[in-house]
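The block underneath contains the structure these notes are about, expressed in structure tokens.
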Amino acid sequence: MLINKHISIEDLIEKYPDSVHYLMQKGIRCLICGEPMWGTLEEAAKEKGFTDTEINAFVNELKEKLLVPNL
């Protein structure tokens, strides 16, 4: 499964459970704090005030942290 800004939060967490901690560091709460998991990574980030540039940067960082090949 390719990680990009269009991935649903639910799919991301299901496939890569370690992503929860990273998302929480970025202020995107997805499970632990009880916020809903639906929507895309981009939608959640924009809700928290991230710019497109910031979203692209942290998607790339998330890929590196999870050791997902950049396809």
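The values are calculated or read from the model by the stated rules, or taken from the named source; none is laboratory data. This is a predicted model, so every value here is computed, not measured. Virtual Cβ from ideal backbone geometry, glycine too; neighbours counted across all protein chains shown.
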Filter result (modelled with pLDDT under 95 and more than 12 Å from the chain's Cα centre (by Cα)) within segment 51-71: E64, L67, V68, P69, N70, L71
Residues (surrounded by 15 or more Cβ atoms within 10 Å (Cβ to Cβ) and not hydrophobic (A, V, I, L, M, F, W, C)) located in segment 12-22: Y16, S19, Y22
Long-range neighbours under 8 Å by Cβ, at least six apart or interchain, first residue within 15 Å of L67 (Cα to Cα) and acidic (D, E) within segment 3-31, second modelled with pLDDT under 90 and in a loop (DSSP other than H, G, I, E, B): D18/L66
Unmet criterion (only one of (1) surrounded by 17 or more Cβ atoms within 10 Å (Cβ to Cβ); (2) at pLDDT below 90; (3) of a type in the set (V, I, T)) for I7: (2)
